[in-house]
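A.B. asks: One structure is given below, represented as structure tokens, and several questions about it will come after.
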Amino acid sequence: MVDAVLEDHRSAPISDAHKALFTLIEKAALFTNEVTAGDIAAVKAAGMSEEAIYDAITVCALFKFFTTWVDASGVADLGAEGYAMSGERLAAHGYAPAE
């Protein structure tokens, strides 16, 4: 399903609500200044909650920010070994230290 969404969310085997949400996110990522209240209303009419829309826009904006920051600052990728170690640490200890 993920491959189908990445290929073309409009024809992927997902709900119409998700198709509408991904269409909004695509527009937010590519044409931020063109997103309108009508775009948001269309996603709500398709069945997505305001919270889901807010979360999706926030994730989209953060990914766009971090991608721009990484590309412009020259931050290096961790590499396979670094990601494996990070995954093991997260699996064992989670994202935040226990209090």
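Values quoted throughout were computed directly from the atomic coordinates according to the rules given, and no laboratory measurement underlies them. Small disclaimer: the values here were computed from a predicted structure and weren't measured. All Cβ positions, even for glycine, are placed from backbone atoms using ideal geometry, and neighbour counts span all protein chains on display.
A.B. asks: On the basis of being over 17 Å from the mean Cα position of the chain (by Cα), surrounded by 11 or more Cβ atoms within 10 Å (Cβ to Cβ) and on the phi > 0 side of the Ramachandran plot, does GLY94 make the cut?
C.D. replies: no
A.B. asks: Check the stretch 83-92 and report whether any residue there is part of a loop (DSSP other than H, G, I, E, B) and farther than 23 Å from MET1 by Cβ.
C.D. replies: No, that holds for no residue.
A.B. asks: Looking at (1) over 12 Å from the mean Cα position of the chain (by Cα); (2) surrounded by 14 or more Cβ atoms within 10 Å (Cβ to Cβ); (3) of a type in the set (A, V, I, L, M), which one does ALA76 not meet, given that it meets all the others?
C.D. replies: (2)
A.B. asks: Under 7 Å between Cβ atoms, at least 6 apart or on separate chains: pull out the pairs that start in the stretch 28-43 with a residue that is under 18 Å from THR58 (Cβ atoms) and end on any residue that is outside any helix (DSSP H, G or I).
C.D. replies: Listed by first residue and then by second, the contacts come to ALA28/VAL35.
A.B. asks: Still on this structure, please answer the following. Name, by its number, the condition in (1) surrounded by 12 or more Cβ atoms within 10 Å (Cβ to Cβ); (2) free of Cβ contacts under 8 Å to residues at least 24 places away in the same chain; (3) of a type outside the set (S, T, N, Q) that does not hold for ILE57.
C.D. replies: (2)
A.B. asks: On to the next question. Would you be able to say whether some residue in the stretch 21-42 is out of contact with any helix residue (DSSP H, G or I) (no Cβ under 9 Å at 6 or more places or on another chain), assigned to a helix (DSSP H, G or I) and among the aromatic types (Phe, Trp, Tyr)?
C.D. replies: The answer is no, given that none of the residues of the stretch 21-42 is out of contact with any helix residue (DSSP H, G or I) (no Cβ under 9 Å at 6 or more places or on another chain), assigned to a helix (DSSP H, G or I) and among the aromatic types (Phe, Trp, Tyr).
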